[in-house]
Structure formats: C-alpha cells, structure tokens
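Colleague: Shown below is the structure under consideration.
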Amino acid sequence: MVDRLRPAYHFLPPSNWMNDPNGLIQWRGRYHLFDQYNPNGAFHGTIHWGHAVTDDLVHWRDLPLALAPTPDGPDKDGVYSGCAVDRDGVPMLMYTGIRPQVQCIAEPVDPADPDLVAWRKHPANPVIPEPPAGVEVEGFRDPFVWREADGWYCAIGSGVNDVGGAIFLYRSPDLVRWEYLNELCRGDVVESGRMWECPSFLPLGGKHVLLISPIPLRKVLYLVGEYRDHRFTPERIGIVDDGGAYYAPQVTRDERGRWLMWGWLREGRDVEAQKAAGWSGVMSLPTVLSLTADGRLAVRPVPELEALRGPHRGWSDLDLAEGGPNPLAELSGDRLEIALAIEPADADEIGLSVLRSPDGAEETRIVYDVAAGELWVDRARASLDPGPSRERRGAAARLPPDGTLSLRVYVDGSVVEVFAADGTCLSSRVYPTRGDSRGVELRARGGRARARRVDAWTIGTIWTEAARTIPAAGS
Ligand code: DQQ
C-alpha cells in the first residue's frame, strides 16, 4: 500500500530513522548530504552517517552509509553530528563520538571518487578529547569548521551549567592538532536555553550569523552580530523557522557563493506511530540564506526546485469574500507547490487550507492575520487521528510596501512548508487520515480580498535510485 504520508520530494532515507543534516559540502560540483541515521529502525539509536548526493539540488541518489560506530572506538556508541570541509583539495569530515562526547575526523578512502562513497577514520581520533578545563558543561558536540588565514577554526556546541548555552572555539593547522582559544559566544539560559546543539557560523551581509538549536527550546535560533578577535557579539536574536518541526539545520557555501541550509523536520506523531510507518524524519527543502535590509535572517527555497514542477494550473484576479465560493475547488493533491499573491484589501484574515477533506473535517489551515501581521499554521483539524500534535504555530511576517501577501506553500504527504516573501518560514508536520483529504481552499474572512495570482503545480519525486547499505563495522 502506498504510504501517502511519506514525502516524495523532500529528502529522507529509504527506511528507518533520520535526524540532523551533516557534512554538507559541494565537492567538484556535486552536493553531498550526510545525515544522522539509525539502520536498526525508525527510532533514535545506533547513529550512523547516511549519505546522498545531488548534482542539481533536486534529484538525489542515496549512497551506502558513510560512517558506522567503530567497536571500542571513540564513536562506539554513535557517530553524532558534524560537518565537512575542503582541506587542501581533500574533503574531510569532523563529527562527535559519544560517551564521552569527543570530536573525531574522517577522510575519504579515495578522494578521486566523485561520490566519496568510502570513508576512513583518522588514527589520531579523538582529535579533541575533552571540553575545555575549568568549566562545568552540559554537552560538547556538533563541530562546525571553517578556514581563516591562520588556520582551521572549529565551533563546538555546549552549555555552561547554570549559565546558558555556549560555543567553544578551537584552532588547528591541520584538523588533527587543536588548541582551545576561547568561548565564541555564551547565552543566557532564560533567553536561549541551557545547551546549544548544532552550531553553524557564517559571514552574511556584512555581519556574522550563528545558528543554534538550544535545549530545551525545540526550535532553532539565529544570532546576528559582529565577529572580532575570535569572539562573536550578538546584536539581535530571532527564530529561524517557527513551524514547530524544524531543528538542527546546517549550512554550506556552494560554488556559486550561496549559503545553503537544510534542517531536520521532526515527526509530530508518537514513537509507536513512527515505528509502525517504518520511517521517521525528513529533511527540509534546500533553502538559501540572506540578511534583510533591517537585519533579519531570510530563508527562501532554492530556485532549482522549480525543476520539480509538473502539471500547472493558474488563476488571475480572484475575488475572495467571506462565505463566497472556493476558487481553488478544482485543485487537489498531496504533492503540490502553491504560489499566492494576494491583496488583503479590507479582509481580516486570508486562509489557505490544504490536505482538506470535502467536508472540512480534516484540513491544515495556513492563515495570515492581516491586523497582527502574523502568519500561522493551524493544525487543529489537520488529522482525525487524536495522536499527532495539533499545536498552532505562527510568526510575524511583514508585507512589502504595496501590501501584497506573497506565499509559497509546499505540500508533500506529511510535510507542509510555508515561505513568505519577507523570508519568514514555517515548517509543519501533519498526518491526515482520510483518502479524500487532498483538497485546497482559499478564503478571506472579515472582508474582501483579491488574489492577483495563484499558481499551483503538481510536484514530482526527487529519487533516481536508492541504495543505502551498511558498511563493514569499523570502516
Ligand atoms: N542530534 C545529534 C547530536 C545533536 C542532536 C544526535 C541534535 O549530535 O546534538 O543524533 O538533533
């Protein structure tokens, strides 16, 4: 039976558990995406690194697992998150081994292999064997590495007990020998949680941006500020994606100089439901980062995704009124992209429902509250199954000076991602139960609105083949 909740155009492994994106790198034109993966089932445990590649950011080939725990090695209990860098023409991976948390590196067995299928762990592992002395920390993991004129720099996620999240900064001439420099940045437990997972640190728009996934907040924060003398001073803080599903993203700079980002979209249903499905976790769509004129982080889907567009329908100049007909009644599907440009006129609210049953008993509502300037994903009726989360999640989204609400909405089985023109995004997971929950409805409330343009496409699959296998232990 076809599992209609399983995404078709978001990356996920053929089966089992997947969480964070790791090791993002464009290597000789080809993009590599590694992922936290459990070959033993659809639950978090026995974490390996999965591996997949794409030439166009759209169509993926799944490859054999890249890293497995080495019995008696520093990663015997799991190969946790990390990154990839180009060290003098050879791609290198840096990641965390656990119990205790230490940092390790790996290199390709054959750097000339365009798929970089086989990896070998470095004999010097762990290359960073313990956190800095003199502080009581919670966690020491998820290295993020970049190059500066005087060497390699590594940011490691942590938290200083009773104080807040922290990033420790290290430097190395060769990725093997590391010296501790100082804290790159430290947070406040009330504002930004007690431990920061999965840091990414990047120059953007004349500033630096630090992305963190703080425990226990279960969302991703960005800090924009100044990086000077190996210290980062944040000037503003914001939420990367407030849809409730997005976590542990990582960035990479591609050959065109764009900062690309993927995040893990967590499930919104319980562990038993995940195990029954046989898969858990999906990657966000690839997105590109920028800073807005007023200094916020903007997240937008990469234009390459347009290659996935299949059959198209378009509408122009639709009048929307409370109680009026649904102009999108003919549109249905659970693999859709919908682009809207709407003038709210005197409406209080614009609502786009997707995955909607004809009687409205099931629907996921994407709502723009005009007066509040807020975008919401309302999952109150997303599923007749009482199990999945019904939490309503939203964020401020600014309209441009001409007042047009422009949204791009991606529906893919159990994934709904909403991108607003100002760079706000909301990623949600929903689990409709009815076979006919495929409808789309567009409505205004409290007044009239005008949809200048609506475009909708059926979206195809991203898979060319799937070949995930388990490497020999200790590879
Ligand atoms: N997931 C990894 C950790 C990271 C966490 C373990 C974030 O390295 O801190 O699978 O989701």
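Colleague: Residue by residue through region 25-46, note down the ones that are touching a residue at least 40 places away in the same chain (Cβ under 8 Å) and more than 18 Å from TRP463 (Cβ to Cβ).
Modeller: Answer for region 25-46, where residues must be touching a residue at least 40 places away in the same chain (Cβ under 8 Å) and more than 18 Å from TRP463 (Cβ to Cβ): ILE25, GLN26, TRP27, ARG28, GLY29, GLN36, PRO39, GLY41, ALA42, PHE43.
Colleague: Working carefully through the options ASP412, ASP385, ASP378, ASP436, find the one that is of a type in the set (Asp, Glu) and either open to solvent by less than 10 Å² (accessible area, probe 1.4 Å) or at pLDDT below 95 (or both). Walk me through it before giving the result.
Modeller: Details: ASP385 fails: either open to solvent by less than 10 Å² (accessible area, probe 1.4 Å) or at pLDDT below 95 (or both); ASP378 fails: either open to solvent by less than 10 Å² (accessible area, probe 1.4 Å) or at pLDDT below 95 (or both); ASP436 fails: either open to solvent by less than 10 Å² (accessible area, probe 1.4 Å) or at pLDDT below 95 (or both).
From the options ASP412, ASP385, ASP378, ASP436, the qualifying one is ASP412.
Colleague: Check region 9-20 and report whether any residue there is over 25 Å from SER383 (Cβ atoms) and either in a strand (DSSP E or B) or within 13 Å of the ligand (Cβ to nearest atom) (or both).
Modeller: yes
Colleague: Given the residues ALA133, ALA124, ALA66, which is the only one that is open to solvent by less than 10 Å² (accessible area, probe 1.4 Å) and small (Gly, Ala, Ser)?
Modeller: Numbers: ALA133 fails: open to solvent by less than 10 Å² (accessible area, probe 1.4 Å); ALA124 fails: open to solvent by less than 10 Å² (accessible area, probe 1.4 Å).
The match here is ALA66.
Colleague: While we're on this one: Return the total of residues in region 317-329 being outside any loop (DSSP other than H, G, I, E, B) and buried (at least 16 other Cβ atoms within 10 Å of the Cβ). Break it down into steps so the answer makes sense when it comes.
Modeller: Step one: filter region 317-329 for residues outside any loop (DSSP other than H, G, I, E, B), giving 317-321.
With the extra rule that they be buried (at least 16 other Cβ atoms within 10 Å of the Cβ), the set shrinks to 318, 320.
Residues that pass the stated criteria total 2.
Colleague: Is it the case that GLY45 is within 11 Å of the ligand (Cβ to nearest atom), more than 19 Å from the chain's Cα centre (by Cα) and open to solvent by less than 10 Å² (accessible area, probe 1.4 Å)?
Modeller: On the way: within 11 Å of the ligand (Cβ to nearest atom): yes; more than 19 Å from the chain's Cα centre (by Cα): yes; open to solvent by less than 10 Å² (accessible area, probe 1.4 Å): no.
So GLY45 fails the test.
Colleague: Still on this structure, I have one more. Given the residues LEU24, LEU65, which is the only one that is more than 14 Å from the ligand (Cβ to nearest atom), part of a strand (DSSP E or B) and either under 16 Å from the mean Cα position of the chain (by Cα) or among the hydroxyl-bearing types (Ser, Thr, Tyr) (or both)?
Modeller: Working: LEU65 fails: either under 16 Å from the mean Cα position of the chain (by Cα) or among the hydroxyl-bearing types (Ser, Thr, Tyr) (or both).
Selected residue: LEU24, the only one of LEU24, LEU65 that is more than 14 Å from the ligand (Cβ to nearest atom), part of a strand (DSSP E or B) and either under 16 Å from the mean Cα position of the chain (by Cα) or among the hydroxyl-bearing types (Ser, Thr, Tyr) (or both).
Colleague: Tell me the residue from ASP150, ASP188, ASP162, ASP174 that is in the same structural domain as ALA84 (by TED's automatic domain parsing), away from the ligand (no atom under 16 Å from the Cβ), in contact with a helix residue (DSSP H, G or I) (Cβ under 8 Å, 6 or more places away or on another chain) and more than 24 Å from GLU267 (Cα to Cα), please.
Modeller: ASP162
Colleague: Might you let me know whether region 105-121 holds any residue that is within 16 Å of the ligand (Cβ to nearest atom) and either part of a loop (DSSP other than H, G, I, E, B) or at negative phi (or both)?
Modeller: Step one: filter region 105-121 for residues within 16 Å of the ligand (Cβ to nearest atom), giving 105-106.
In the following step, the residues that additionally are either part of a loop (DSSP other than H, G, I, E, B) or at negative phi (or both) were identified as 105-106.
Within region 105-121 (the criterion being within 16 Å of the ligand (Cβ to nearest atom) and either part of a loop (DSSP other than H, G, I, E, B) or at negative phi (or both)), the answer is yes, since at least one residue qualifies.
Colleague: Looking for something in contact with a Phe, Trp or Tyr (Cβ under 8 Å, 6 or more places away or on another chain) and open to solvent by 60 Å² or more (accessible area, probe 1.4 Å) - is there at least one such residue anywhere in region 181-198?
Modeller: No, region 181-198 contains no residue that is in contact with a Phe, Trp or Tyr (Cβ under 8 Å, 6 or more places away or on another chain) and open to solvent by 60 Å² or more (accessible area, probe 1.4 Å).
Colleague: With crowded, with 23+ Cβ neighbours inside 10 Å, at pLDDT 95 or above and within 30 Å of ARG309 (Cα to Cα) as the only criterion, which of ASP55, ASP20, ASP75 stands out? Outline the logic, then answer.
Modeller: Values: ASP55 fails: crowded, with 23+ Cβ neighbours inside 10 Å; ASP75 fails: within 30 Å of ARG309 (Cα to Cα).
When all the criteria are applied, what remains is ASP20.
Colleague: Tell me, please, whether a residue that is within 24 Å of VAL220 (Cα to Cα) and more than 20 Å from the chain's Cα centre (by Cα) can be found in region 344-356. Lay out the reasoning, then the answer.
Modeller: Keep residues of region 344-356 that are within 24 Å of VAL220 (Cα to Cα), which gives none.
Within region 344-356, not a single residue is within 24 Å of VAL220 (Cα to Cα) and more than 20 Å from the chain's Cα centre (by Cα).
Colleague: Exactly one of (1) open to solvent by less than 50 Å² (accessible area, probe 1.4 Å); (2) within 12 Å of the ligand (Cβ to nearest atom) is unmet by VAL251. Its number?
Modeller: (2)
Colleague: Tell me the residue from PRO143, PRO100, PRO111, PRO129 that is within 23 Å of PHE201 (Cα to Cα) and over 24 Å from the mean Cα position of the chain (by Cα), please. It would help to see each step written out before you state the result.
Modeller: Values: PRO143 fails: over 24 Å from the mean Cα position of the chain (by Cα); PRO100 fails: within 23 Å of PHE201 (Cα to Cα); PRO111 fails: within 23 Å of PHE201 (Cα to Cα).
From the options PRO143, PRO100, PRO111, PRO129, the qualifying one is PRO129.
Colleague: Identify all residues within region 199-242 that are hydrophobic (A, V, I, L, M, F, W, C), within 13 Å of the ligand (Cβ to nearest atom) and surrounded by 22 or more Cβ atoms within 10 Å (Cβ to Cβ); write none if there are none. Let's see the steps before the verdict.
Modeller: Initially, region 199-242 is screened for residues hydrophobic (A, V, I, L, M, F, W, C), giving 201-202, 204, 209-212, 215, 217, 220-221, 223-224, 232, 237, 239-240.
With the extra rule that they be within 13 Å of the ligand (Cβ to nearest atom), the set shrinks to 211-212, 215, 217, 220.
Selection gives LEU211, ILE212, VAL220.
Colleague: In the set TYR80, TYR31, which member is open to solvent by 10 Å² or more (accessible area, probe 1.4 Å) and within 15 Å of the ligand (Cβ to nearest atom)?
Modeller: On the way: TYR31 fails: within 15 Å of the ligand (Cβ to nearest atom).
Being open to solvent by 10 Å² or more (accessible area, probe 1.4 Å) and within 15 Å of the ligand (Cβ to nearest atom) holds for just one of TYR80, TYR31, which is TYR80.
Colleague: Just one of GLU130, GLU138 is over 30 Å from ARG61 (Cβ atoms), among the charged types (D, E, K, R), within 16 Å of the ligand (Cβ to nearest atom) and touching a residue at least 24 places away in the same chain (Cβ under 8 Å); which is it? Break it down into steps so the answer makes sense when it comes.
Modeller: Numbers: GLU130 fails: within 16 Å of the ligand (Cβ to nearest atom).
Just a single option satisfies the conditions, and that option is GLU138.
The values are calculated or read from the model by the stated rules, or taken from the named source; none is laboratory data. Here the structure is a predicted model, which is why all the values come from computation and not from measurement. Neighbour counts run over all protein chains shown; Cβ positions are idealised from the backbone, glycine included. Side chains included, ligands, DNA and RNA excluded: accessible areas come from the protein's heavy atoms. Shrake-Rupley method; radii C 1.70, N 1.55, O 1.52, S 1.80 Å.
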